[in-house]
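Visitor: Handing you this structure, nothing more for now.
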Amino acid sequence: MPGLRPHEISLLRLLERICDDCVVEINETGTELEYKPGIVMGGRNLVHDCGVSRSIGYFLEPLILVGLFAKKPISIRLRGITNDPKDPSVDTFRSTTLPLLKRFGVPSEGLELKIESRGSPPDGGGEVILTVPIVDRLTAVRWLDEGMVKRIRGVSFSTRVSSQFENSMIHAARGIFNRLLPDVHIFTDHRAGPQAGKSPGYGISLVAETTSGCFISVDTAVSYARGEVDEIEYDEKRELMPPDNVGEQIASCLLEEIAKGGVVDSTHQGLLFLLCALSEPDVSKIHRQELSSLDVWDVDIRTYLESFHDYLQYTYLRAALLQLGRDDTLMVSKAPLS
């Protein structure tokens with residue numbers, strides 16, 4: 001279908017909400033967009049409904065990047081889906097994305113994501129509160145040592161299903177990890193009543209912390225797709241993946257991410273490159289893993305690099321376009337590199 005999709009329109013409305021004198025006009029078919037930039041003001045006690053076509057994780061990354069350079073700190077309540085199979089979960093954002101931002105000089109004070117309630121597809125019902133501080137500039141980084149994995153942490157969740165689902169996922173995941181290292185702790189977060197949202201679901205988020213302070217994360221969620229709950233009788237619904245299989249698969253996914261190397265996982269590659277490009281006028285040097293596609297934005301990482309290279313014309317990405325597949329180091333600078 002041509003035109004903007006519901007989640008893209010919602011993201012534009014979110015940016016409009018945190019900016020002053022920003023105007024977004026979209027025609028009835030969604031095929032024409034007129035955007036008038038404004039001043040990023042930020043503000044407190046803001047509220048935005050993200051809808052249910054994409055999860056809250058889709059909105060968090062652009063929101064926090066813009067919010068860092070606002071006039072005032074941001075405090076906003078986001079409503080929608082907290083965990084789904086496509087976008088990074090709110091748990092991954094809290095355990096991995098926030099520590100990544102701190103590497104670039106973002107202060108810990110005022111940087112927080114609080115999960116008020118969980119929301120699974122298709123109907124959501126989750127709520128989170130995000131607070132974002134403001135910064136004058138981001139610090140360039142030299143981040144070349146991914147270190148060795150020293151511990152694994154995680155959190156499982158369940159909404160409107162038995163809490164035993166979480167125990168099964170944790171037991172299956174630990175069965176793989178405990179053969180490799182002893183320091184493995186996966187916590188449970190069973191929600192009931194209003195805090196469980198509007199749809200049944202369950203899932204798990206895992207993060208491996210290394211000796212050099214890197215965080216490698218994966219997550220997944222299991223729930224019914226849009227339309228299944230209303231259109232099919234309960235006893236005819238498709239069978240969801242058993243929690244034992246979920247635990248085994250997510251544990252294997254984390255081991256695969258670790259084996260790829262690099263200081264961040266594939267989900268955070270695009271954010272890492274963009275933070276380097278937005279940092280102070282100095283050289284950032286990072287050790288990366290094999291390039292991946294950005295599932296959140298439905299774009300190949302090379303296309304992503306080309307896009308913000310063209311937009312930030314003062315930024316020179318040596319090897320970004322020609323040699324990214326030949327070595328495991330990327331240098332980003334705001335001055336030409338010899």
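Visitor: Run the dipole for the stretch 1-150 about the Cα centre, Lys and Arg Cβ at +1, Asp and Glu Cβ at -1, nothing else charged, and hand back the magnitude in debye, nearest 20. It would help to have the intermediate numbers written out before the result.
Guide: On the way: 19 positive and 21 negative charges, 114 e Å.
With Lys and Arg at +1 and Asp and Glu at -1, about 540 debye.
Visitor: If you don't mind, there's one more thing I want to ask. Between Arg44 and Lys114, what is 0.36 nm times their sequence separation minus the Cα-Cα distance? Round to one decimal in nm.
Guide: Working: separation 70, 0.36 × 70 = 25.20 nm, distance 1.49 nm.
Using 0.36 nm per residue and subtracting the Cα-Cα distance, I get 23.7 nm.
Visitor: Suppose each label sits 7 Å from its Cα in the direction of the beta carbon; what would the Asn245-Lys285 distance come out to in nanometres?
Guide: Using points 7 Å along Cα→Cβ, the separation is 4.7 nm.
Visitor: Here is the link list: Lys114/Lys285; Lys71/Lys114; Lys72/Lys198; Lys198/Lys260; Lys36/Lys198. Which ones come out longer than 28 Å on Cα distance?
Guide: Over 28 Å apart, Cα to Cα: Lys114/Lys285; Lys72/Lys198; Lys198/Lys260; Lys36/Lys198.
Visitor: Which stretch or stretches of the stretch 150-169 have amide N atoms under 16 Å from the point lying 7 Å from His185's Cα along the Cα→Cβ direction?
Guide: Within reach of a label on His185, which here means backbone N under 16 Å from a point 7 Å along Cα→Cβ, the stretch 150-169 contributes 150-156.
Visitor: Multiply the residue gap between Glu34 and Lys71 by 0.36 nm, knock off their C-alpha separation, and tell me the result in nm, one decimal place. Provide the component values of the computation, followed by the final result.
Guide: Details: separation 37, 0.36 × 37 = 13.32 nm, distance 2.42 nm.
The Glu34-Lys71 span can extend by a further 10.9 nm.
Visitor: Another one. Just how much of His185 is accessible, in Å², when a 1.4 Å probe is used and the result is rounded to the nearest 10?
Guide: Approximately 90 Å² of His185 is accessible to the 1.4 Å probe.
Visitor: Residues with beta-carbon under 12 Å from that of Ser89, excluding Ser89: net charge, scoring Lys, Arg +1 and Asp, Glu -1? Before the final figure, lay out the partial values.
Guide: Details: positive: Lys86, Arg94, Arg118; negative: Asp84, Asp87, Asp91, Asp189, Asp219.
It works out to a net charge of -2.
Visitor: With r as the distance between the Cβ atoms of Cys253 and Arg142 and R0 = 30 Å, compute the FRET efficiency 1/(1 + (r/R0)^6) and round to 0.05. Working shown, then result.
Guide: Details: r = 29 Å, r/R0 = 0.96.
That gives a FRET efficiency of 0.55.
Visitor: For the stretch 132-272, what percent of Cα pairs sit more than 21 Å apart?
Guide: The answer is 52 percent, as a whole percent.
Visitor: Let me ask something else about it. I'd like the accessible area for Leu275, computed on protein heavy atoms only with a 1.4 Å probe and all protein chains in place. Round to 10 Å², please.
Guide: 0
Visitor: May I have the convex hull volume per residue, in Å³, for the Cα set of the stretch 55-201?
Guide: Values: hull volume 17.7 nm³, N = 147.
Given the Cα convex hull of the stretch 55-201, per-residue volume reads 120 Å³.
Visitor: Also: Find the eigenvalues of the gyration tensor of the Cα atoms of the stretch 11-130, then list the square roots of 5 times those eigenvalues as equivalent ellipsoid semi-axes, largest first, in whole angstrom. Intermediate values should be presented prior to the final figure.
Guide: Details: eigenvalues 103, 83, 29 Å².
They are 23, 20, 12 Å, listed largest first.
Visitor: Ok, one more. Between Lys260 and Arg17, what length in nm is gained on full extension when 0.36 nm per residue of separation is reduced by their alpha carbon distance? Intermediate values should be presented prior to the final figure.
Guide: On the way: separation 243, 0.36 × 243 = 87.48 nm, distance 3.91 nm.
Difference between extended and current length: 83.6 nm.
Visitor: Can you compute the charge dipole magnitude of the stretch 133-214 about its Cα centre, using +1 on each Lys and Arg Cβ and -1 on each Asp and Glu Cβ, nothing else charged? Give it in debye, rounded to the nearest 20. Mind dumping the intermediate values first?
Guide: Details: 10 positive and 7 negative charges, 39 e Å.
Roughly 180 debye, rounded to the nearest 20.
The values are calculated or read from the model by the stated rules, or taken from the named source; none is laboratory data. For clarity, every value in this text was computed on a predicted model and none was experimentally measured. Positions of Cβ are generated from backbone atoms using ideal geometry, with glycine treated the same way; all protein chains shown enter the neighbour counts. Accessible surface is based on the protein model in full, side chains and every heavy atom, while ligands, DNA and RNA are left aside. Shrake-Rupley method; radii C 1.70, N 1.55, O 1.52, S 1.80 Å.
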